[in-house]
């Protein structure tokens, strides 16, 4: 909002319009707004942008409930005439399902989609072990390959010195294929200069990765996460016996993170 206020202190120029478009694009990438495209005539398209957060919160707080367009208008504080555009976006993303004209139902269950990569060393493995900050659900493939003893765990096996996990809670897992999560992971590594990947070709380093989409109850989603919000955790085990934990959050201006220790 501060950026927009700064722009509108002076007459809008073509460069200002382009800046606003970039701001909206970054907000959309960060999952803070949703966009609805509406053809006007020929190649001309009008775009409508809505704050995604209020609708996602309503959906999560009312699992399996029916909502009319009038109720959505009242709950969201949006004029009734605007609701069909927003509903169209919600239907496309699987946030709502139509049961009758003007009547919709919220999902009872959602999907946890995650991609995880982990690195294990044979060089002094007893010095390294990734420890999570809390109990974490890892893909079953990590258990099958010996990187974890169980799917719900607070730590990986001895010798695992690094791991990264991207997780999204969604009603439409097909919108989050492995390729999309892989692009996000590589983009994060490049932007933040994360170097765990460059050691993968050493003979004493073993790498595994896994992608998983699993249906879960809505209350299994961490309350601080929104629907379709990308959540990234990076763990780096240290010789001193603790793990550096990095929590990355995508914002309109890029990735931000907080770091703490797990012992």
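No value in this document is a laboratory result; all are computed from the given coordinates. Since the structure is predicted, the reported quantities are computational estimates derived from the model, not experimental observations. Glycine also receives a Cβ, built like all others from the backbone with ideal geometry; neighbour counts cover every protein chain displayed.
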Gain upon complete extension [residue 255, residue 66; 0.36 nm per residue less C-alpha separation]: 64.4 nm
Nearest 10 degrees, 0 to 90: helix 83-93 Cα axis against the chain principal axis: 30 degrees
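Calculated from DSSP H runs of 4 or more alone, at -39500 (n - 2.57) each and per residue, what is the 222 nm mean residue ellipticity of the chain, nearest 500?
On the way: 7 runs with 71 residues, N = 263.
About -8000 deg cm²/dmol.
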What do you get for the angle between helix 14-29 and the principal long axis of the chain? Use alpha-carbon atoms, 0 to 90 degrees, nearest ten. 60 degrees
Rounded to one decimal in nm, the spacing of the 7 Å Cα→Cβ label points at residue 205 and residue 20 is 4.7 nm
Given (1) 37, 21, 15; (2) 27, 23, 17; (3) 39, 24, 15 as possible values of semi-axes √(5λ) of the Cα gyration tensor in Å, the one from the coordinates is (3)
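Obtain the radius of gyration and the Kirkwood radius of region 10-159 from its C-alpha atoms and give Rg over Rh.
Details: Rg = 22.7 Å, Rh = 19.6 Å.
Reported Rg/Rh (Cα atoms, Kirkwood Rh): 1.16.
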Between region 64-88 and region 165-212, how far is it from one alpha carbon centroid to the other, in angstrom? 37 Å
Looking at region 209-263, I'd like the Rg to Rh ratio, where Rg is from alpha-carbon atoms and Rh is Kirkwood's inverse mean 1/r. 1.04
If the label point sits 7 Å along Cα→Cβ of residue 57, residues of region 229-263 with amide N under 17 Å come out as 229
Rounded, prolate or oblate (a/c below 1.5 giving rounded, otherwise prolate when a/b exceeds b/c) for region 79-163 by Cα gyration tensor: prolate
Within region 212-255: backbone nitrogen closer than 17 Å to the residue 97 label point (7 Å, Cα to C-beta): 214-219
Angle between the Cα long axis of helix 178-192 and the longest principal axis of the chain, 0 to 90 degrees, nearest 10? 70 degrees
Quote the convex hull volume per residue of region 129-168, based on C-alpha atoms, as a whole number of Å³. 68 Å³
How would you classify region 31-105 from its alpha-carbon gyration tensor, with a ≥ b ≥ c the square roots of the eigenvalues: rounded for a/c under 1.5, else prolate if a/b is greater than b/c, otherwise oblate? prolate
Semi-axis lengths (Å, descending) of the ellipsoid that matches the C-alpha gyration tensor of region 110-262: 24, 17, 15
Could you give the length gained by full extension between residue 247 and residue 48, i.e. 0.36 nm per residue of separation minus their alpha carbon distance, to one decimal place? 68.5 nm
Using the beta-carbon distance between residue 214 and residue 85 and R0 = 25 Å, what value does 1/(1 + (r/R0)^6) give for FRET efficiency, to the nearest 0.05? 0.20
